[in-house]
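The values are calculated or read from the model by the stated rules, or taken from the named source; none is laboratory data. Please read all numbers here as calculations on a predicted model, not as lab measurements. Neighbour counts are summed over all protein chains in view; Cβ atoms, including those assigned to glycine, are modelled from backbone coordinates with ideal geometry. Side chains included, ligands, DNA and RNA excluded: accessible areas come from the protein's heavy atoms. Shrake-Rupley method; radii C 1.70, N 1.55, O 1.52, S 1.80 Å.
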Amino acid sequence: MERTRIADALKTDAQGAAMTVKGWVRTRRGNRQVQFIALNDGSTIHDLQIVADTGRFGDEELKAVTTGACIRATGKLVPSQGQGQSVELQADEIEVYGGVPGTYPLQKKGHTLEFLRSIAHLRPRTNTFGAIFRIGHHMAMAIHTFFHERGFVYVHTPIITASDCEGAGQMFQVTTLNLYDLRKDENGSILYDRDFFGKQTGLTVSGQLEGELAAMGLGAIYTFGPTFRAENSNTPRHLAEFWMIEPEVAFNEIEDNMQLAEDFIRYCVQWALDHCLDDLRFLSERFDKELFERLNFVLKQTFVRLSYTEGIRILEQAVAGGWKFEFPIYWGADLAAEHERYLVEEHFKCPVILTDYPKEIKSFYMKQNDDGKTVRAMDVLFPKIGEIIGGSQREEDYDKLATRAREMNIPEKDMGWYLDIRRFGTAPHSGFGLGFERLLMFVTGMTNIRDVIPFPRTPNNAEF
C-alpha cells in the first residue's frame with residue numbers, strides 16, 4: 001500500500017480508510033490491553049497516534065517499538081477516543097525497520113539546545129528542529145517566488161574565486177599544493193604556478209561582484225548560495241559557512257534599493273505567517289512568547305529611513321541622557337548590534353533603514369556621495385538582531401572606483417574584469433545581501449544562529 005504522509009493523514013476526512021504510514025517513534029505508552037504509539041515522519045509538527053491492540057500484537061513484537069525506532073504501520077484511520085488529536089490509526093500491521101535502538105539520546109525529557117548541537121545528526125527528529133527546518137524550506141520558497149514574480153534571473157555565482165569582495169582577507173584558501181612541501185620565491189612568498197588554478201584562490205565571501213556583471217546584461221538578478229568567512233568570531237550571530245541572498249539590479253539607485261529590501265523582507269515574513277502557522281505556534285510557545293507580535297510588528301510598521309549621521313546624533317543624545325552602551329559611539333564608528341537595536345526598539349519602535357555611512361568603514365565598491373565623506377550604503381535594522389540586510393548603490397564611475405580600490409590597496413590587475421563594466425556601458429546599479437540564517441533567526445525567534453542551520457560551521461567545529 002502506498003505510504004501516506006502524516007500531515008495528509010491528519011487532514012483527511014476519509015475516516016475508516018485503510019492506509020500505511022511510516023515514521024519514527026516519539027513515545028510508546030499503554031497497558032496490557034492496548035498500546036499507544038506517537039509517530040512522526042517530519043511532514044508536520046503533529047504526531048499521529050497509532051493504536052496497537054495487544055491481542056493482535058505479541059509482547060515481543062511490540063518490544064521493538066521503542067522511542068527512536070523507525071516503523072511502518074498499516075491500518076484504518078478512525079476518530080480518536082482521546083484528547084489532542086481528531087483521528088488515530090487502528091493498526092493491523094506494524095513492521096520495525098532495522099535493529100532495536102540502544103540507549104537513544106532523544107528521550108521524552110527536555111534537552112538543552114546546546115546538548116542538541118552536539119548530536120546535530122539527530123536534531124531533525126526533534127519537534128524544535130523539525131519546525132525550524134520546515135520554516136527554512138518555506139523561506140527559501142518565498143525568496144525564489146518573490147524574485148521570480150518580479151522578473152529577476154537566478155544566477156549561480158562562483159564558490160571558488162580569486163577575488164575578496166569585502167577586502168578583509170578572511171577567505172578560506174583552496175589549494176591542491178602539498179602543504180608540507182611548498183615552493184617559495186626569493187622573498188619567501190608561495191609560488192602558485194603549479195596550483196590547480198595557477199593562482200591563489202579561496203572560498204567566496206560574497207557573490208556580489210559577479211552578480212553585478214550579470215546584472216549589467218540581464219537587468220535584474222539574484223544569487224542564493226553558500227558563502228564562507230574565515231573570521232574567528234565565536235558568537236551567537238556568526239557562522240563560518242552560511243547562505244546569502246544577493247540581488248543586483250541595473251538602473252536602481254539607493255532609494256529603489258531600499259524599497260526592494262523593504263518589500264522583500266515583508267514578503268518573507270508574510271509567507272511565514274501564511275504557510276508555517278503550526279510550526280511558528282510551537283516555537284512561540286516554547287521559546288519566544290513575543291514571536292508573533294514581532295513578526296506582525298514588521299508587517300504593520302513603516303520602515304524609517306534615516307542617515308547614519310542622524311542616527312549617531314540620536315545615540316549620542318541617548319548617552320547624554322544616561323543610556324549605557326558597551327561600545328563607544330561617535331561619528332565614524334561602526335555601529336554595534338546594541339546601537340542598532342536601540343534605534344529600532346527604543347527610539348523609533350519600528351524597523352529602520354540606515355543610510356549614508358562614512359566611506360572609511362564601508363567597502364570600496366559603494367557609490368560616493370558628493371560630500372566626499374560618505375557613501376550610499378544602507379543597512380536594514382530589525383528588532384532583536386540588529387542588521388538583517390546590508391547593501392548599497394554601487395559606484396558606476398570608473399575613475400572613482402579605481403581610485404578607491406587603490407586607496408584600499410586592492411590590486412587593479414586583479415579587478416580588471418570588475419572595472420570593465422564601468423568602461424563598457426556603465427549604468428547606475430544597486431544591490432544588497434541578506435544572510436539566510438539571520439532571516440531564520442528573526443522568523444523563528446531562535447537566539448543562536450547555530451540553531452537555524454542543520455550543521456553549523458564555527459571556529460574549532462566542523463563535525464558531521
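Points to keep in mind about this one:
- Filter result for the condition that a residue is open to solvent by less than 20 Å² (accessible area, probe 1.4 Å) and either farther than 30 Å from V25 by Cα or part of a loop (DSSP other than H, G, I, E, B) (or both), over A131, A142: A142
- Within the stretch 89-145, the set of residues being over 30 Å from G55 (Cβ atoms) and hydroxyl-bearing (S, T, Y) comprises T103, T112, S118, T126, T128, T145.
- Flag for R404 being among the charged types (D, E, K, R), under 30 Å from A120 (Cα atoms) and open to solvent by 10 Å² or more (accessible area, probe 1.4 Å): no
- So P226, is it touching a Phe, Trp or Tyr at 6+ places or on another chain (Cβ under 7 Å), modelled with pLDDT of 95 or more and open to solvent by 10 Å² or more (accessible area, probe 1.4 Å): yes
- Filtering the stretch 256-272 to residues that are open to solvent by less than 30 Å² (accessible area, probe 1.4 Å) and either out of contact with any His (no Cβ under 8 Å at 6 or more places or on another chain) or not hydrophobic (A, V, I, L, M, F, W, C) (or both) leaves N257, M258, L260, A261, E262, F264, I265, C268, V269.
- Within the stretch 238-255, the set of residues being open to solvent by 20 Å² or more (accessible area, probe 1.4 Å) and more than 30 Å from F464 (Cα to Cα) comprises F251, N252, E253, E255.
- Within the stretch 307-321, the set of residues being open to solvent by 50 Å² or more (accessible area, probe 1.4 Å) and either aliphatic (A, V, I, L, M) or free of Cβ contacts under 8 Å to residues at least 40 places away in the same chain (or both) comprises E310, R313, E316, Q317, V319, A320, G321.
- Meets criteria (open to solvent by 20 Å² or more (accessible area, probe 1.4 Å), within 22 Å of F297 (Cβ to Cβ) and either in contact with an Asp or Glu (Cβ under 6 Å, 6 or more places away or on another chain) or polar (S, T, N, Q) (or both)) for T426: no
- Test: residue in the stretch 54-69 that is part of a strand (DSSP E or B) and open to solvent by 30 Å² or more (accessible area, probe 1.4 Å): no
- Among residues of the stretch 4-33, those that are surrounded by fewer than 16 Cβ atoms within 10 Å (Cβ to Cβ) and under 21 Å from G55 (Cβ atoms), counted: 7
- Any hit, the stretch 287-300, residues being touching a residue at least 60 places away in the same chain (Cβ under 8 Å), closer than 15 Å to N127 by Cβ and not acidic (D, E): yes
- Output for the stretch 142-172, where each listed residue is modelled with pLDDT under 95, polar (S, T, N, Q) and in contact with a strand residue (DSSP E or B) (Cβ under 8 Å, 6 or more places away or on another chain): T161
- Search result, residues across the stretch 75-108 that are outside any loop (DSSP other than H, G, I, E, B) and among the charged types (D, E, K, R): K76, E88, D92, E93, E95
- Residue match in the stretch 9-30 (condition: of a type in the set (D, E), without any contact (Cβ under 8 Å) to a residue 12 or more places away in the chain and either assigned to a loop (DSSP other than H, G, I, E, B) or under 22 Å from K108 (Cβ atoms) (or both)): yes
- Residue-level check: of (1) touching a residue at least 40 places away in the same chain (Cβ under 8 Å); (2) farther than 27 Å from V298 by Cβ; (3) open to solvent by 20 Å² or more (accessible area, probe 1.4 Å), R376 misses just (2).
- Odd one out for V304 among (1) surrounded by fewer than 22 Cβ atoms within 10 Å (Cβ to Cβ); (2) more than 30 Å from G425 (Cα to Cα); (3) modelled with pLDDT under 95: (3)
- Picking from residues in the stretch 31-49 that are in a loop (DSSP other than H, G, I, E, B) and under 29 Å from the mean Cα position of the chain (by Cα), the one that is farthest from E285 (Cα to Cα) is D41.
- Residue in the stretch 115-123 that is within 20 Å of the chain's Cα centre (by Cα), open to solvent by 80 Å² or more (accessible area, probe 1.4 Å) and at pLDDT below 95 present: yes
- Of G431, G425, all but one fail to be more than 30 Å from D278 (Cβ to Cβ), of a type outside the set (D, E, K, R) and in contact with a Pro (Cβ under 6 Å, 6 or more places away or on another chain); the exception is G431.
- Residues in the stretch 184-212 that are touching a strand residue (DSSP E or B) at 6+ places or on another chain (Cβ under 9 Å), touching a residue at least 12 places away in the same chain (Cβ under 8 Å) and either more than 30 Å from R394 (Cα to Cα) or open to solvent by 60 Å² or more (accessible area, probe 1.4 Å) (or both): I190, Y192, D195, F196, F197, Q200.
- Reported count of residues in the stretch 381-439, each being in contact with a strand residue (DSSP E or B) (Cβ under 7 Å, 6 or more places away or on another chain) and without any contact (Cβ under 8 Å) to a residue 40 or more places away in the chain, is 3.
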